[in-house]
1. For segment B:63-72, give me each residue that is of a type in the set (Phe, Trp, Tyr) and crowded, with 18+ Cβ neighbours inside 10 Å.
2. Here are some residues: A:Asp83, A:Asp75, A:Asp104, A:Asp60. Which one is away from DNA strand D (no atom under 13 Å from the Cβ), buried (at least 19 other Cβ atoms within 10 Å of the Cβ) and modelled with pLDDT of 95 or more?
3. Which condition does B:Asn111 not pass, out of (1) surrounded by fewer than 18 Cβ atoms within 10 Å (Cβ to Cβ); (2) within 23 Å of B:Thr32 (Cα to Cα), if it passes all the others?
4. Could you please find all residues in segment B:124-167 being in contact with a helix residue (DSSP H, G or I) (Cβ under 7 Å, 6 or more places away or on another chain), open to solvent by 40 Å² or more (accessible area, probe 1.4 Å) and at the interface with another protein chain (Cβ under 10 Å from one of its Cβ atoms)?
5. For a quick check of your reading of the model, give me the residue pairs whose first member lies in segment A:178-200 and is more than 8 Å from every other protein chain (Cβ to nearest Cβ), whose second is open to solvent by 80 Å² or more (accessible area, probe 1.4 Å) and modelled with pLDDT of 95 or more, with beta-carbon atoms closer than 9 Å and at least 6 apart or on different chains.
6. Consider segment B:38-51. How many of its residues are more than 19 Å from B:Asp104 (Cα to Cα) and either in a helix (DSSP H, G or I) or more than 8 Å from DNA strand D (Cβ to nearest atom) (or both)?
7. Take the conditions near DNA strand C (Cβ under 8 Å from one of its atoms), free of Cβ contacts under 8 Å to residues at least 12 places away in the same chain and out of contact with any strand residue (DSSP E or B) (no Cβ under 8 Å at 6 or more places or on another chain) and apply them to B:Ser11. Does it pass?
8. Mind telling me which of the residues B:Arg121, B:Arg35 ends up being within 16 Å of DNA strand D (Cβ to nearest atom), assigned to a helix (DSSP H, G or I), open to solvent by 20 Å² or more (accessible area, probe 1.4 Å) and away from chain A (no Cβ under 14 Å)?
2 protein chains.
Amino acid sequence: MTAPATEPTNSRRSELLAIAAGLFAEKGFKNTTVRDIADAAGILSGSLYHHFDSKESMVDEILRTFQEELFGQYDEILAGGLDPAAKLEQAVLVSFEAIDKHRDEVAIFQNDAAYLLTFDRFSYLADRNQQSREVWLTLLQNGIDAGVLRADLDLELTYRFIRDTVWVAVSWYRPGGRRTHTEIARQYLSILFEGIATPAG
Amino acid sequence: MTAPATEPTNSRRSELLAIAAGLFAEKGFKNTTVRDIADAAGILSGSLYHHFDSKESMVDEILRTFQEELFGQYDEILAGGLDPAAKLEQAVLVSFEAIDKHRDEVAIFQNDAAYLLTFDRFSYLADRNQQSREVWLTLLQNGIDAGVLRADLDLELTYRFIRDTVWVAVSWYRPGGRRTHTEIARQYLSILFEGIATPAG
DNA sequence: GTCTATAGATGGATAGAC
DNA sequence: GTCTATCCATCTATAGAC
């Protein structure tokens with residue numbers, strides 16, 4: 001039971017990471033200074049280095065934690081017993097839920113992954129991109145094999161369209177807005193599966 | 001006929017802007033230094049200031065020129081005599097063509113508009129966002145009125161879906177790849193209008 | 001755990017020679 | 001039109017006092 005002993009430290013650490021995540025998401029990683037983070041936390045920039053090695057370490061910890069959780073959810077869906085269409089639906093719903101629950105982390109990944117990938121220590125982000133591709137391609141291929149998805153689609157393009165549309169929503173979605181993240185996901189799924197044209201036309 | 005006299009200057013200017021645009025698109029505006037641009041142009045950073053006031057002036061000129069052309073095309077489509085579905089189709093095709101012909105400019109706008117909007121001189125970017133919204137909403141509303149688009153869709157969400165999916169393609173599209181920009185646009189339109197589900201299902 | 005103080009690097013931009 | 005040389009602001013990170 002070491003939890004009580006380490007909890008105060010960890011909660012302060014989490015607090016600082018949350019502040020940093022908010023700024024990284026809002027202004028971008030490169031454009032956020034350690035002074036910005038320290039100011040927002042009510043301390044001086046030098047004090048941050050008591051908690052973290054560097055600015056990079058902060059964003060590293062933020063992204064790792066988030067991605068472990070997200071990909072854990074994808075793995076559960078893939079391993080679950082739902083039919084192919086329902087699995088695809090679940091993956092979309094889980095993604096929109098991530099945009100709601102972890103807006104900052106998603107935004108950071110969307111905006112700064114390309115830049116961070118130029119550093120060796122962030123090479124795991126490329127692995128996650130690859131893993132994400134495999135998840136969506138598997139879901140789509142299973143849907144085609146089961147006959148519920150059109151077989152004439154370019155799989156790679158369809159994957160990119162889904163991935164991009166889902167994640168780019170982080171740029172405009174705000175919790176407490178006119179639509180819940182679930183409503184947005186449902187509307188999106190309706191367009192994705194049935195299209196915007198009238199059935200007759 | 002002053003063109004011959006100013007052409008050498010203008011072509012050098014255009015050359016430098018093209019180099020800057022490539023770097024801005026690749027690394028981001030903030031993350032590109034004037035020394036990067038000068039190095040790529042084979043001159044020293046101080047020499048750049050003979051051609052441009054500042055780094056901001058460069059990206060300003062790049063974005064203004066591009067957006068004038070793009071919105072000119074949208075206006076032509078709106079004013080043209082095509083039926084609503086064909087107009088929407090044309091707007092998508094023109095956008096994918098822009099991704100092909102002006103990849104750097106689209107990428108800069110996608111990645112750095114939020115940051116640039118924090119400066120007064122780039123407030124026109126907000127006007128262009130508003131104008132873009134009106135173009136797509138008009139095209140969609142006309143389609144619904146004409147009965148070719150589903151009336152049960154959330155117009156605002158559908159607009160965002162289209163806008164995001166079209167422009168985000170700049171992050172992965174490369175000229176000379178497996179698919180031309182027109183083929184990608186056609187596939188995209190197929191998904192957008194008809195969905196990915198099998199018609200029977 | 002935070003502060004004071006500052007090192008060391010890098011950034012945008014300028015002045016004047018050529 | 002480019003180069004030399006440099007200013008000044010800003011940034012990440014460190015060392016040691018409290």
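1. First pass over segment B:63-72, keeping only residues of a type in the set (Phe, Trp, Tyr): B:66, B:71.
Residue satisfying the conditions is B:Phe66 alone.
2. Numbers: A:Asp83 fails: buried (at least 19 other Cβ atoms within 10 Å of the Cβ); A:Asp75 fails: buried (at least 19 other Cβ atoms within 10 Å of the Cβ); A:Asp60 fails: away from DNA strand D (no atom under 13 Å from the Cβ).
The match here is A:Asp104.
3. All conditions pass for B:Asn111, except number (1).
4. Of everything in segment B:124-167, those that are in contact with a helix residue (DSSP H, G or I) (Cβ under 7 Å, 6 or more places away or on another chain), open to solvent by 40 Å² or more (accessible area, probe 1.4 Å) and at the interface with another protein chain (Cβ under 10 Å from one of its Cβ atoms) turn out to be B:Ala146, B:Val148, B:Ala151, B:Arg163.
5. From residues that are more than 8 Å from every other protein chain (Cβ to nearest Cβ), the pairs are A:His181/A:Lys101.
6. Applying the first criterion (more than 19 Å from B:Asp104 (Cα to Cα)) to segment B:38-51 yields B:42-51.
Then drop every residue that is not either in a helix (DSSP H, G or I) or more than 8 Å from DNA strand D (Cβ to nearest atom) (or both), which leaves B:45-48.
The qualifying residues number 4.
7. Criteria not met by B:Ser11.
8. On the way: B:Arg121 fails: within 16 Å of DNA strand D (Cβ to nearest atom).
From the options B:Arg121, B:Arg35, the qualifying one is B:Arg35.
The values are calculated or read from the model by the stated rules, or taken from the named source; none is laboratory data. Keep in mind it's a predicted model, so treat the numbers as computed, not measured. In this analysis, Cβ positions are derived from the backbone assuming ideal geometry, glycine residues included, and neighbour counts consider all displayed protein chains. Surface accessibility is based on the protein's heavy atoms, side chains included, excluding ligands, DNA and RNA. Shrake-Rupley method; radii C 1.70, N 1.55, O 1.52, S 1.80 Å.
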